[in-house]
Amino acid sequence: MQKGPIMLRVETQELDGALICSLEGRFTGEGAEHVRLLVTRCDSKLELVVDLTEVMFIDAVGEDVLLLIKKLGGEFVAETAYARDICEQLQLPLVRNHKQNSKLPGNRNGKGHPPPTNSLGL
């Protein structure tokens with residue numbers, strides 16, 4: 001039984017042979033179960049990349065889903081202390097910089113952000 005609104009945003013994008021799932025908010029309960037369904041129904045030929053950077057909280061159900069994604073060969077992006085801690089606790093494989101650079105939108109300089117421009121915007 002749900003106790004209030006689901007506080008999870010999931011964005012998916014297929015890019016260069018990968019399904020990229022960006023999660024934002026609380027990865028718990030029913031929201032985590034929806035992500036479980038999403039990843040188990042996706043094309044198995046696609047590489048699975050899950051960005052946990054904007055996740056604020058993960059419960060036991062969310063942890064189980066992350067472990068399933070790991071078992072399916074998924075890799076993870078974790079650019080915050082909380083996300084890195086979760087990945088470390090659950091021993092989730094992190095995307096290497098060169099993959100992260102090519103797979104995630106906006107990661108054009110390998111540091112998670114577009115390259116800086118000069119004061120003229122060039």
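Those residues that are surrounded by 13 or more Cβ atoms within 10 Å (Cβ to Cβ) and of a type outside the set (Ser, Thr, Tyr), I need them from the range 75-92; list them, please. Break it down into steps so the answer makes sense when it comes.
Our first condition is that a residue be surrounded by 13 or more Cβ atoms within 10 Å (Cβ to Cβ); within the range 75-92, this holds for 75-80, 82-84, 86-87, 90, 92.
Scanning the range 75-92 gives GLU75, PHE76, VAL77, ALA78, GLU79, ALA83, ARG84, ILE86, CYS87, LEU90, LEU92.
Taking only pairs six or more apart or across chains, which ones have beta-carbon atoms under 9 Å, a first residue in the range 55-82 that is closer than 15 Å to THR40 by Cβ and touching a residue at least 12 places away in the same chain (Cβ under 8 Å), and a second residue that is surrounded by 13 or more Cβ atoms within 10 Å (Cβ to Cβ) and of a type in the set (Phe, Trp, Tyr)? Cβ pairs passing all conditions: VAL61/PHE27; VAL65/PHE27; LEU66/PHE27; LEU66/PHE76; ILE69/PHE76; LYS70/PHE76. Give just the number: which of (1) in a loop (DSSP other than H, G, I, E, B); (2) of a type outside the set (Ser, Thr, Tyr); (3) farther than 16 Å from GLU14 by Cβ; (4) at pLDDT below 95 does GLU79 not satisfy? Result: GLU79 passes all but (4).
The values are calculated or read from the model by the stated rules, or taken from the named source; none is laboratory data. Quick caveat, the model's predicted, so the values are computed rather than measured. No Cβ is skipped: glycine too gets one built from the backbone with ideal geometry, and neighbour counts run over all protein chains shown.
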